[in-house]
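Novice: For reference, the structure I am asking about is given below.
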Amino acid sequence: MSVAKENAAKLSIAAISMLLILKIVTSILTGSVAIRADAVHSAVDLFGVIVGYIGIRVSGRPPDEQHAFGHGKAENIASGIIGGLIFFAAGMIAYEAIKRLITGGTVELISVGIYVTAAAIVINGVVSWYSWRVSRNTDSVALEATSRDLLADVFSSVAVLVGLVLVKLTGFVLLDSIVALLVAVLIARAAYVTVRKAFVGLMDTRLPREEEDAIVAFIEEHGSDLAGFHQVRTRKSGNLRFVDLHLVMPKSVSVEEAHKMCDHLEDDVKSRFPNSSVTIHVEPCDGDCEQCRVSSCSQRIIITTANRKAGNE
């Protein structure tokens, strides 16, 4: 999986580098502030994708003495940095657009700008879709952030294309700057989503409700063999999920039987969520048979027999 993530990141770096050069040259030829803003966004994208690539490489390292739980949070850190860079790009674009609205300017060779921007939309769209697909398959937060960044670039390029077409049709040059402001808003929104998801992982937020429900369902499937369970806790680090819980077993169960049950539950969870670490603390029951569903428990049989005798007397 790490190879697929790294290859997707490398492809993103190559695509953005090529588009950055095209946009810089086109912005110089046309004088379009919208294309210049798009070029700034691509420059920030390039740095962000490189950061994401480093995060993916670090997160793929196995646990060591200093990082017993692995390096998964490197992806969350990279994702947060990428989100901050996207915010920075939005601010730069807004500044350039407002400056042009105040000082004015001209746009030349509009057709060239239209063709280059259309090509950027297609290339970024394909790379963004590929990165998103790989991020879904590998559960990579950093690669998902890269995909969102590229998608924001697609939206900004679409806005730039619309603006250039309108300028060509109407001759109203200020539309170029107005579109650039719209681009800044779209980029800022993408940045917010990216940063929010990154910090969710850094703060050890619990897994999504549907994932926790699936884990609980695995445990409840063995309800006839368990006295109960509690303190189910979950969190995520990069693409790694951590689950720990307290499992209550009948007092008559041997250590070997309890160990087999724990192994079984771990296998169930890992079958649904492959990159998972499951920790189970086993406890003996407290003697409250009314809360227990284990019909074969020796303690329950003794208590039930005693109750029947008392009732007969």
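The values are calculated or read from the model by the stated rules, or taken from the named source; none is laboratory data. Note that the structure is predicted; figures quoted are calculated from it, not measured. So basically every Cβ, Gly included, is an ideal-geometry build from the backbone, and we count neighbours across all protein chains shown.
Novice: Mind checking which residues of the range 265-305 are modelled with pLDDT under 60 and part of a loop (DSSP other than H, G, I, E, B)?
Specialist: Those that are modelled with pLDDT under 60 and part of a loop (DSSP other than H, G, I, E, B): CYS292, ARG293, VAL294, SER295, SER296, CYS297.
Novice: Among residues belonging to the range 247-256 that are surrounded by 15 or more Cβ atoms within 10 Å (Cβ to Cβ) and of a type outside the set (A, V, I, L, M, F, W, C), point out the one that is farthest from LEU207 (Cα to Cα).
Specialist: Of all residues in the range 247-256, those surrounded by 15 or more Cβ atoms within 10 Å (Cβ to Cβ) come to 247-250, 252-253.
Of the ones still in play, those that are also of a type outside the set (A, V, I, L, M, F, W, C) are 250, 252.
Numbers: PRO250: 29, SER252: 34 Å.
Of everything passing the filter in the range 247-256, SER252 is farthest from LEU207 (Cα to Cα).
Novice: Considering only the range 94-117, I want to know if a residue exists there that is within 16 Å of LEU46 (Cβ to Cβ) and in the same structural domain as VAL51 (by TED's automatic domain parsing).
Specialist: No, the conditions are met nowhere in the range 94-117.
Novice: Ok, one more. Name the helices (runs of 4 or more DSSP H) wholly inside the range 120-238 in which the number of residues that are under 12 Å from the mean Cα position of the chain (by Cα) and surrounded by fewer than 18 Cβ atoms within 10 Å (Cβ to Cβ) is 3 or more. I'd like the intermediate steps shown before the answer.
Specialist: On the way: elements: 141-170, 174-202, 209-220.
The qualifying helices (runs of 4 or more DSSP H) are 174-202.
Condition check ((1) among the hydroxyl-bearing types (Ser, Thr, Tyr); (2) in a helix (DSSP H, G or I); (3) touching a strand residue (DSSP E or B) at 6+ places or on another chain (Cβ under 6 Å); (4) at pLDDT 80 or above) across all residues:
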{"position": "ALA14", "(1), (2), (3), (4)": "no, yes, no, yes"}
{"position": "SER17", "(1), (2), (3), (4)": "yes, yes, no, yes"}
{"position": "LEU20", "(1), (2), (3), (4)": "no, yes, no, yes"}
{"position": "THR26", "(1), (2), (3), (4)": "yes, yes, no, yes"}
{"position": "VAL58", "(1), (2), (3), (4)": "no, yes, no, yes"}
{"position": "HIS71", "(1), (2), (3), (4)": "no, no, no, no"}
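Novice: Give all pairs with beta carbons closer than 6 Å in which a residue from the range 142-171 that is farther than 13 Å from TRP129 by Cβ and of a type in the set (Lys, Arg) meets a residue that is at pLDDT below 75 and part of a helix (DSSP H, G or I); count only pairs at least 6 apart in sequence or on separate chains.
Specialist: Taking only residues 6 or more apart or on different chains, the pairs are LYS168/ILE110.
Novice: Can you name every residue in the range 253-277 that is β-branched (Val, Ile, Thr) and out of contact with any Ser or Thr (no Cβ under 9 Å at 6 or more places or on another chain)?
Specialist: Those that are β-branched (Val, Ile, Thr) and out of contact with any Ser or Thr (no Cβ under 9 Å at 6 or more places or on another chain): VAL253, VAL255.
Novice: Looking only at the range 11-24, filter to residues that are β-branched (Val, Ile, Thr) and touching a residue at least 12 places away in the same chain (Cβ under 8 Å); which one of those is farthest from SER131 (Cα to Cα)?
Specialist: This residue is ILE24.
Novice: Let me ask something else. How many residues are surrounded by 18 or more Cβ atoms within 10 Å (Cβ to Cβ), assigned to a helix (DSSP H, G or I) and either without any contact (Cβ under 8 Å) to a residue 12 or more places away in the chain or not basic (Lys, Arg) (or both) when one looks only at the range 28-42?
Specialist: 10
Novice: Another question, if that's okay. Identify all residues within the range 212-253 that are touching a Lys or Arg at 6+ places or on another chain (Cβ under 7 Å) and acidic (Asp, Glu); write none if there are none.
Specialist: GLU212, ASP244
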